[in-house]
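Okay, structure first, notes after.
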Amino acid sequence: MKVMLSRLAIGVIAAGLAVGSASAQSTGLPDYLSTIAGTTPPAPADLASKNVQQLNVSMFALYDNAGQTFRKNILAKHPIILALFSGAGGRMILYRPGQAPLDAPGVPRKYQVQKSLGHSVMAISEVVMPYLNNANDKTWVAPMRAYLTEMKSALEGIDAADQDADWKPNSRAILENNIAFMEDCLAKGVIAMDALQAYAKKQGPFIKLAINWAASTQVKHWMEVLDGWKAQLGADWDKTYAASNTIYVARQNNVLFSVLAQYFGPEAINDRLMLIETISFTTTPEDMLVSLVRIISDRSVGALYFNSYHLMDYELMGGDARKTIVSEMQRRGKQPFLPPAVPFGSKQWPTLITPGLGPTSLDDLK
């Protein structure tokens, strides 16, 4: 039996080698390449389409190369201010032609203290809300105990933390209320909805004050910085570009952009002053510069081909897409739902500006 199997195996191997040799002979390739070489020719339409699509892929490399030259030329003629979001109240950098970038001093630390106090309440909510009225799931216990320890450490030194003297009672109250709620939940072994609502109602007025003080500190600081920079730049201020970054939830009443707008004026909005939306709270100065340079350089493309300097600030296919949406909705017997068409180069705020019913600030809330 073993002899028969061995002979059979030898026969199979020999047949494979024979096939391989025949294949190699037919392609003119040696055996070690014949098993991996060979392609299926694409259909003419696929090949032609891919060749055209490659033009778009290659465009981005050309974009990047040209962008380096555009950036050098813009920075040689125009001051640029980048206002970047950060957990410390923001960062502002001034780029001046022929000089090293100038980083502004940071917002006083008392801003971070008040912001952290406000966020501490939010953090507790994130811990407890998934487990409301669920006595069987104790997943929340360990994170809450750990956070309770940190909360008590913060309370022990709260009077020595950076803050105005008249802020201290409010800061202490926030921490004491946090601790009382957490200890109550741990003692009962359950997160009760009525307890969470009572805690939230109690903390609301204290958080509102902390938010007010943090915002005031942030705004006053950056206005002092811009006072100095505007005086320093003199006449060059009128050719200065500025950009701030934002994510979706922070674009309305964006603090840094709103402060910049006070110095640049209405005519600069969406022209020399831009709000760049991103997908994360923070971004790098390098990424911001790349975006800003691309916006400015693309405007020249719009002017060259269509005699409209701000055309490229908009979705280029948006106008034709809009017409198609209208016709397609009408074909379906429905009315299209679209915002009003605005001119290229609009100076409107890049956030919601249409008035309506409802509260617009914490002061408006009951």
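The values are calculated or read from the model by the stated rules, or taken from the named source; none is laboratory data. Predicted, not measured: the structure shown is a model, and the values here were computed from it. Cβ sites come from the backbone with ideal geometry, for glycine too, and all protein chains shown count toward neighbours.
Results for (1) touching a strand residue (DSSP E or B) at 6+ places or on another chain (Cβ under 8 Å); (2) surrounded by 13 or more Cβ atoms within 10 Å (Cβ to Cβ), shown as yes or no for each residue.
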{"position": "L55", "(1), (2)": "no, no"}
{"position": "Y63", "(1), (2)": "no, yes"}
{"position": "K77", "(1), (2)": "no, no"}
{"position": "G87", "(1), (2)": "no, no"}
{"position": "R96", "(1), (2)": "yes, yes"}
{"position": "P108", "(1), (2)": "no, yes"}
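For first residues located in the stretch 59-88 and free of Cβ contacts under 8 Å to residues at least 40 places away in the same chain, partners that are exposed (fewer than 10 other Cβ atoms within 10 Å of the Cβ) and lie 6+ apart or on another chain with Cβ distances below 8 Å form the pairs A76/G98. Being out of contact with any helix residue (DSSP H, G or I) (no Cβ under 9 Å at 6 or more places or on another chain) and part of a loop (DSSP other than H, G, I, E, B) is the filter; apply it to the stretch 36-51 and report the residue that is surrounded by the most Cβ atoms within 10 Å (Cβ to Cβ). Ranking the candidates gives A43 first.
Take the conditions (1) more than 24 Å from D64 (Cβ to Cβ); (2) modelled with pLDDT under 95; (3) loosely packed, with under 12 Cβ neighbours inside 10 Å; I279 misses just one of them, which is (1).
Tallying residues that are assigned to a loop (DSSP other than H, G, I, E, B) and in contact with a helix residue (DSSP H, G or I) (Cβ under 7 Å, 6 or more places away or on another chain) within the stretch 279-338 yields 6.
Considering only the stretch 255-276, state which residues are surrounded by 15 or more Cβ atoms within 10 Å (Cβ to Cβ) and either aromatic (F, W, Y) or assigned to a helix (DSSP H, G or I) (or both). Within the stretch 255-276, V255, L256, F257, S258, V259, L260, A261, Y263, F264, A268 qualify. Annotation for the stretch 193-207: at least one member residue is touching a residue at least 40 places away in the same chain (Cβ under 8 Å), of a type in the set (V, I, T) and outside the structural domain of Y263 (by TED's automatic domain parsing). Restricting the stretch 232-254 to residues that are of a type in the set (S, T, N, Q) and surrounded by 18 or more Cβ atoms within 10 Å (Cβ to Cβ), the residue that is farthest from R294 (Cα to Cα) is N254.
Quickly run through the stretch 88-116 and pick out the residues that are within 22 Å of the chain's Cα centre (by Cα) and in a strand (DSSP E or B). Result: R91, M92, I93, L94, D103. Within the bounds of the stretch 330-337, is there any residue that is in contact (Cβ under 8 Å) with a residue 40 or more places away in the chain and aromatic (F, W, Y)? For the stretch 330-337, residues in contact (Cβ under 8 Å) with a residue 40 or more places away in the chain and aromatic (F, W, Y): absent. When the stretch 117-163 is filtered for residues that are crowded, with 16+ Cβ neighbours inside 10 Å, assigned to a loop (DSSP other than H, G, I, E, B) and touching a strand residue (DSSP E or B) at 6+ places or on another chain (Cβ under 8 Å), only W140 remains.
Among the conditions (1) in contact with an Asp or Glu (Cβ under 8 Å, 6 or more places away or on another chain); (2) surrounded by 14 or more Cβ atoms within 10 Å (Cβ to Cβ), the only one that L292 does not satisfy is (1). Against the criterion of being part of a loop (DSSP other than H, G, I, E, B) and closer than 30 Å to L62 by Cα, G356 does not qualify.
For the stretch 232-252, the criterion of being in a loop (DSSP other than H, G, I, E, B), among the polar types (S, T, N, Q), within 21 Å of the chain's Cα centre (by Cα) and in the same structural domain as A76 (by TED's automatic domain parsing) is met by at least one residue.
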